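Q: Mind looking over this structure? Questions follow.
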Amino acid sequence: MAQLQDILYKVSIRSVHGELGRTVDNLQTDSRLAGPGSLFIAMKGTHIDGHSFIGQVIAAGTALIVCEDLPSALQPDVTYIQVESTAAAAGIIAHNFYGQPSEKLKLVGVTGTNGKTTIATLLYKLFMALGYKCGLLSTVQNQVIDRILPATHTTPDPLHLNALLKDMVDAGCTHAFMETSSHAIHQQRIAGLHYAGGIFSNITHDHLDYHKTFEEYIRVKKSFFDSLSSDAFAISNADDKRGAVMLQNTHAKKYFYSLRTLAEFKGRILENNLTGLVMTINDQEVHFRLIGEFNAYNLLAVYGAAVCLGEDRAEVLRYLSTLSGAEGRFDYIMSPKERIIGIVDYAHTPDALINVLVTIQKLRKGHEQIITVVGCGGDRDKTKRPLMGAAACEYSDKVIFTSDNPRSEDPEQIIRDIEAGLNTAAKRKYISITDRKEAIRTALNLAAAEDILLIAGKGHEKYQEIKGVKYPFDDKQVLTEFFELLDK
């Protein structure tokens, strides 16, 4: 419960019609949930405009409306607050309603195309190990200390996001680590939040179905750092060609991490195999449980953030060396008889797929085949489909194209889009099997002893989305069952 005039602090208001000295019991953007005591925020979505439901929520007893466009007829007992942007207002109002929770803990946002989940998860695990109470907001799951909450979006909507941050504050959390997606930045879901720091991992082609151009995708990512305050830190990957651009206009204190050039947080890989990474970080040699060059970058980002948050460098490295990564990120198991290595990874962009396959190539002794099972999601960026197909075939010995989450699209058409990127040599390496379970079974039948099988695209997901229905499906579980069933 809060006073209306108090929760409008910092909102860009165009006009007010009605009484401001009213009590707000709850915030709603869903008209079906609004009633007496609700403040209804009329959001303009991709498919639905909340302004269409103002009359409906007033009829249900709602007397407080935030909108961009005023209705033609104003009700005398209703307060209307006309704002520049309901998307921005929703975040600021929610932050005020829940007691400005981001200012009561240290909130760190992680953005970039690949690595967000691993960096945020490692930071959460590290700071828990260091003795802090922490919160996590990630694609895989949200956590309030050790309480796990399911995640439906990479970044929740502003009402749920601020409610979750308040939950963390109430539970005694001192730190929160949050994946910050380009969709969330563009849709202003993070409006009103105060960040202690921001981390940039890398940027490659993704979400062009939403952002339309790569330049717009970069601009949106950069705007996150532009909005950081002067008391925050901003850490960027110096080896990404857009790493410096990301921090170009930030007010925050700038830091860089790198494997290839001079930086505040400098790493060098000494060994990279199935037992993990041996690296130097700022001349300190450490063995980590994570595998691959992409994880070396993730570890540098985490180390840099921990140092910027005031932690002892030696203690950070000591605890970081004991940690495992996020579920479904280079998650591997070995078959008991033939010692076939099965790797489940969320790689769903061309660059992420290449990173994983290059890492696998470096791990093999020479005789092993690399067999990749991969697809592309429906209702998402179609331009990356041929690139995914070309990448899979270039870095694998055999490839099976299959269904991912086709959503509303025809999975066979998605596979045809993937096949369009193949040259003559690549066409000799692949087969297509639409049924994902059958594709995994076939890959295992093709595998000889000690071969390496990559199942890419879905990682931690426990479902397959087809025509609006989420059917249970877990790549790692299916792989484990086939190891036993096929006596591998």
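Results for (1) over 23 Å from E461 (Cβ atoms); (2) without any contact (Cβ under 8 Å) to a residue 24 or more places away in the chain; (3) over 23 Å from the mean Cα position of the chain (by Cα), shown as yes or no for each residue.
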residue	(1), (2), (3)
V316	yes, no, yes
I340	no, no, yes
A347	no, no, no
T372	no, no, yes
R380	no, no, no
K384	no, no, no
L387	no, no, no
I400	no, no, yes
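Q: Given the condition more than 10 Å from the chain's Cα centre (by Cα), of a type in the set (G, A, S) and not in a strand (DSSP E or B), answer yes or no: does some residue in the stretch 146-153 qualify?
A: yes
Q: Here is a follow-up. Checking the conditions here, which among E419, E394 is closer than 20 Å to E293 by Cα and either over 24 Å from the mean Cα position of the chain (by Cα) or open to solvent by 60 Å² or more (accessible area, probe 1.4 Å) (or both)?
A: E394
Q: Does the stretch 243-254 contain at least one residue that is touching a residue at least 60 places away in the same chain (Cβ under 8 Å) and within 25 Å of the chain's Cα centre (by Cα)?
A: no
Q: Cβ-Cβ under 9 Å, sequence separation 6+ or interchain: first residue in the stretch 410-437 and closer than 12 Å to A390 by Cα and of a type in the set (K, R), partner open to solvent by 50 Å² or more (accessible area, probe 1.4 Å) and not in a helix (DSSP H, G or I). Which pairs?
A: K429/D397; K429/K398
Q: Among the residues of the stretch 255-285, how many are touching a Lys or Arg at 6+ places or on another chain (Cβ under 8 Å), open to solvent by less than 40 Å² (accessible area, probe 1.4 Å) and touching a residue at least 24 places away in the same chain (Cβ under 8 Å)?
A: Of the residues in the stretch 255-285, 5 are touching a Lys or Arg at 6+ places or on another chain (Cβ under 8 Å), open to solvent by less than 40 Å² (accessible area, probe 1.4 Å) and touching a residue at least 24 places away in the same chain (Cβ under 8 Å).
Q: Does V245 satisfy the criteria of being surrounded by 14 or more Cβ atoms within 10 Å (Cβ to Cβ), of a type in the set (A, V, I, L, M, F, W, C) and more than 20 Å from N202 (Cα to Cα)?
A: So V245 does not fit the description; no.
Q: Of the residues in the stretch 78-94, how many are open to solvent by 10 Å² or more (accessible area, probe 1.4 Å) and either over 18 Å from D25 (Cα atoms) or at pLDDT below 95 (or both)?
A: Residues flagged as open to solvent by 10 Å² or more (accessible area, probe 1.4 Å) and either over 18 Å from D25 (Cα atoms) or at pLDDT below 95 (or both) within the stretch 78-94 amount to 5.
Q: Restricting to the stretch 60-75, name every residue that is over 17 Å from S31 (Cβ atoms) and either free of Cβ contacts under 8 Å to residues at least 12 places away in the same chain or open to solvent by less than 10 Å² (accessible area, probe 1.4 Å) (or both).
A: S72, A73
Q: Here is a list of conditions, (1) open to solvent by 70 Å² or more (accessible area, probe 1.4 Å); (2) over 23 Å from V358 (Cβ atoms); (3) basic (K, R), and R428 meets all of them except one; can you say which number that is?
A: (2)
Q: Another question about this same structure. With the stretch 37-102 as the region, which strands (runs of 3 or more DSSP E) entirely inside it contain at least 2 residues that are of a type in the set (G, A, S)?
A: Per the criteria, no element qualifies.
Q: Residue by residue through the stretch 352-380, note down the ones that are surrounded by fewer than 19 Cβ atoms within 10 Å (Cβ to Cβ) and either under 26 Å from Q464 (Cα atoms) or among the acidic types (D, E) (or both).
A: D379
Q: Moving on. Listed residues M128, M168; which is surrounded by fewer than 22 Cβ atoms within 10 Å (Cβ to Cβ), in contact with a strand residue (DSSP E or B) (Cβ under 9 Å, 6 or more places away or on another chain), of a type in the set (A, V, I, L, M, F, W, C) and part of a helix (DSSP H, G or I)?
A: M128
Q: Taking the conditions exactly as written (over 24 Å from R189 (Cβ atoms) and touching a Pro at 6+ places or on another chain (Cβ under 6 Å)), does G91 satisfy them or not?
A: Spelling it out, it is not the case that G91 is over 24 Å from R189 (Cβ atoms) and touching a Pro at 6+ places or on another chain (Cβ under 6 Å).
Q: Here is a follow-up. Which residues, taken from the stretch 471-488, are open to solvent by 40 Å² or more (accessible area, probe 1.4 Å) and assigned to a helix (DSSP H, G or I)?
A: K476, Q477, T480, E481, E484, L485
Q: Within the stretch 107-138, which residues are among the charged types (D, E, K, R) and within 19 Å of the chain's Cα centre (by Cα)?
A: Residues satisfying the conditions are K116, K125.
Q: Further question: Within the stretch 386-412, which residues are in contact with a Gly (Cβ under 9 Å, 6 or more places away or on another chain) and closer than 21 Å to G468 by Cα?
A: Within the stretch 386-412, T402, S403, D404, N405, P406, R407, S408, E409, D410, P411 meet the criteria.
Q: Please specify each residue of the stretch 217-238 satisfying the condition of being among the aliphatic types (A, V, I, L, M), under 25 Å from L259 (Cα atoms) and either modelled with pLDDT under 95 or open to solvent by less than 10 Å² (accessible area, probe 1.4 Å) (or both).
A: I218, A232, A234, I235
Q: Restricting the search to the stretch 180-203, which residues are small (G, A, S) and either assigned to a loop (DSSP other than H, G, I, E, B) or under 14 Å from S236 (Cα atoms) (or both)?
A: The answer is S181, A191, G192, A196, G197, G198, S201.
The values are calculated or read from the model by the stated rules, or taken from the named source; none is laboratory data. Fair warning: this is a prediction, and the values are worked out from it, not measured in the lab. Cβ coordinates were reconstructed from backbone atoms using ideal geometry, including for glycine residues, and neighbour counts include every protein chain displayed. Note: areas computed on protein heavy atoms with side chains; ligands, DNA, RNA excluded. Shrake-Rupley method; radii C 1.70, N 1.55, O 1.52, S 1.80 Å.
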